[in-house]
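Inspection log for the structure reproduced underneath, given as structure tokens.
The values are calculated or read from the model by the stated rules, or taken from the named source; none is laboratory data. What you see is a predicted model, and the numbers here were worked out from it, not measured in a lab. So basically every Cβ, Gly included, is an ideal-geometry build from the backbone, and we count neighbours across all protein chains shown. Heavy atoms of the whole protein, side chains included, go into the accessibility calculation; ligands, DNA and RNA do not. Shrake-Rupley method; radii C 1.70, N 1.55, O 1.52, S 1.80 Å.
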Amino acid sequence: MTDLEDKLSRALSGAAHRAPQAPAGLLETVKTRHRRRRARTAAVRAAVAVVLVAGGVGAAVNALGAAAEPQPAVSATDEAEPSADRIPPPVEKVWPQAVHRIPAKLPDGRAYYPQLLLDDNTLLVMTGASDGKRQFLWSYDLDTGQPRKIAEIPPTKGSAIFADGVAAGGGNIVWWASYKETGSPRVARIWTVPSAGGRPRRVTDVPLGNVMKQGHINGLTVTGSDVVFAYEKGGVYRVPLSGGSPQPVEGAERHHILQWPWVGVHRGKAIFRELLNAETGERRDAVVKADEEVRCGVDRCAGVAVRYKTVKVKRPRDRSGKEIKCGTRRCPDTVQTRTILRRFVRDRDGSHERDLPSTFQQGDDAGLERFFKVTLRGPGNQAVLTLYDADTGRSADLGVRPDARGAMAIPDGGLDRLMTYPIRNEMYVLDLAAIT
């Protein structure tokens, strides 16, 4: 396997179990998933970051999340989505306590990539992720704007792919990188360094098979004196920070990590419907109806109720009346249509159900299980990306717009408190935990 294949596999793997079944019209687009922030090369970003903006709403597909379904601009109440005169105020006006606007480059001119919040005022960032240069981890003080170098990510002989899966806890930072050294099988090498800085230390090498088919590892988490992770194909493992061989977590041999210690399985169109607390053994099963496609968090599920219908179609024929084949086979007599009946978020026990706007990004992780990215129509029918708070019903304009090619950069975020995105020469850092 080449390094390019490996990079692409990391960006593309997991799409099937990340998002609900792709609706009609998205088969020609790229669908990817990404719960955890990662630093990616510019080549991988260009290969998999796709945003199609049609009629001001469109389909958003990117390396940071799943596809936003292309639907007519209709709200949860079947009213027209907000038009230009109903676009919400800017996010810094709606939730000023949550917004930090900082330069998009470090004082020395280096581009950086936000990873996570070490505390309320300290952002962990990585440099050198897209330009092939040496990679470093830095802490960035959001109050003073001063960066502090934590460590250089160790360069390694052989085939090394950029660092990924950065996580922190208990005063330690961990990450992994995919390595293929001559004469040895490919591994995911886990590293650690103190948050205060120091020399990185190798924790363990995790064996990898065919990553194009089976994926790498994800869900890297620091818990006490251990590191836990999961294979993208399923299976949770634990290894001491001090080093050793990874050991399977009992009862989680086929699971994925949602938010440690909660792990779960992916069953069809109900993602993380069943959860297991890997430390206590507690189980949580979500209420999901037969016609629903959902992605669940620890406490809530968001998704859609759908109706499928089989419709007969006429086979295409040429001018002479001869049937035109679909590839090497006859064209189908029927096709299946998919109609969304409603969009919702509710607690796992089925209570407190609320409607969601029609253009929320189905399959995307909602920040803190309450903040959803929603596309509206702005002036000139331009796409406007907003953030919707399901707890209060308030929305804010994130300020993200399509570029001249119609491409829109989707903010990097997950289930946790941090959401980041660049606009021109600034980086917007949103701490969703500051919103009450």
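Could you tell me whether region 366-387 includes any residue that is among the aromatic types (Phe, Trp, Tyr) and free of Cβ contacts under 8 Å to residues at least 60 places away in the same chain? Reasoning before the result, please.
From region 366-387, those among the aromatic types (Phe, Trp, Tyr) are 371-372; that's our starting set.
After this cut, where a residue has to be free of Cβ contacts under 8 Å to residues at least 60 places away in the same chain as well, the list is none.
There is no residue in region 366-387 that is among the aromatic types (Phe, Trp, Tyr) and free of Cβ contacts under 8 Å to residues at least 60 places away in the same chain.
Condition first: in contact (Cβ under 8 Å) with a residue 40 or more places away in the chain, within 30 Å of ARG417 (Cβ to Cβ), more than 18 Å from the chain's Cα centre (by Cα) and open to solvent by 20 Å² or more (accessible area, probe 1.4 Å). Can you find one or more residues in region 296-319 that meet it? Full working, then the answer.
At the first step, the residues of region 296-319 found to be in contact (Cβ under 8 Å) with a residue 40 or more places away in the chain are 296-304.
This time we only want the ones that are within 30 Å of ARG417 (Cβ to Cβ), so: 296-304.
Narrowing the set further to residues that are more than 18 Å from the chain's Cα centre (by Cα) leaves 299, 304.
Still in the list and also open to solvent by 20 Å² or more (accessible area, probe 1.4 Å): 299.
Yes; the residues of region 296-319 include at least one that is in contact (Cβ under 8 Å) with a residue 40 or more places away in the chain, within 30 Å of ARG417 (Cβ to Cβ), more than 18 Å from the chain's Cα centre (by Cα) and open to solvent by 20 Å² or more (accessible area, probe 1.4 Å).
Kindly list, by first and then second residue, each pair from a residue in region 230-244 that is among the polar types (S, T, N, Q) to a residue that is surrounded by fewer than 21 Cβ atoms within 10 Å (Cβ to Cβ), limited to pairs with Cβ atoms under 8 Å and residues at least 6 apart or on different chains.
Short answer, once both residue conditions are applied: SER242/SER225.
Take GLY197 and decide whether it is open to solvent by 20 Å² or more (accessible area, probe 1.4 Å), small (Gly, Ala, Ser), assigned to a loop (DSSP other than H, G, I, E, B) and more than 30 Å from ASP141 (Cβ to Cβ).
On the way: open to solvent by 20 Å² or more (accessible area, probe 1.4 Å): yes; small (Gly, Ala, Ser): yes; assigned to a loop (DSSP other than H, G, I, E, B): yes; more than 30 Å from ASP141 (Cβ to Cβ): no.
Spelling it out, it is not the case that GLY197 is open to solvent by 20 Å² or more (accessible area, probe 1.4 Å), small (Gly, Ala, Ser), assigned to a loop (DSSP other than H, G, I, E, B) and more than 30 Å from ASP141 (Cβ to Cβ).
Here are some residues: ASP403, ASP412, ASP347, ASP397. Which one is open to solvent by 10 Å² or more (accessible area, probe 1.4 Å), charged (D, E, K, R) and free of Cβ contacts under 8 Å to residues at least 12 places away in the same chain?
Working: ASP412 fails: free of Cβ contacts under 8 Å to residues at least 12 places away in the same chain; ASP347 fails: free of Cβ contacts under 8 Å to residues at least 12 places away in the same chain; ASP397 fails: free of Cβ contacts under 8 Å to residues at least 12 places away in the same chain.
None of the other options fit; the residue is ASP403.
Quick one: would you say LYS373 is within 30 Å of GLU274 (Cα to Cα), charged (D, E, K, R) and crowded, with 23+ Cβ neighbours inside 10 Å? Talk me through it step by step, then tell me what you get.
Numbers: within 30 Å of GLU274 (Cα to Cα): yes; charged (D, E, K, R): yes; crowded, with 23+ Cβ neighbours inside 10 Å: yes.
The answer is yes for LYS373.
Would you check if there is a residue in region 295-315 being in contact with a Pro (Cβ under 8 Å, 6 or more places away or on another chain) and farther than 30 Å from VAL211 by Cβ? Reasoning before the result, please.
In the first step, residues of region 295-315 are kept if they are in contact with a Pro (Cβ under 8 Å, 6 or more places away or on another chain); the result is 295, 303-304, 313.
Subsequent filtering for residues that are farther than 30 Å from VAL211 by Cβ retains 304, 313.
Scanning region 295-315 turns up at least one residue that is in contact with a Pro (Cβ under 8 Å, 6 or more places away or on another chain) and farther than 30 Å from VAL211 by Cβ.
What tally of residues in region 254-287 results from selecting those that are of a type in the set (Val, Ile, Thr), crowded, with 21+ Cβ neighbours inside 10 Å and over 16 Å from ARG238 (Cα atoms)?
Looking only at region 254-287, we keep the residues that are of a type in the set (Val, Ile, Thr), and these are 257, 263, 265, 271, 280, 287.
Checking which are crowded, with 21+ Cβ neighbours inside 10 Å leaves us with 257, 263, 271.
From the residues that got through so far, the ones that are over 16 Å from ARG238 (Cα atoms) too are 271.
Counting residues in region 254-287 that are of a type in the set (Val, Ile, Thr), crowded, with 21+ Cβ neighbours inside 10 Å and over 16 Å from ARG238 (Cα atoms) gives 1.
I'd like to check which strands (runs of 3 or more DSSP E) are fully inside region 86-147 and have at least 1 residues that are under 20 Å from VAL400 (Cβ atoms) and in contact (Cβ under 8 Å) with a residue 24 or more places away in the chain.
On the way: elements: 99-103, 112-119, 122-127, 136-141.
The qualifying strands (runs of 3 or more DSSP E) are 99-103, 112-119, 122-127.
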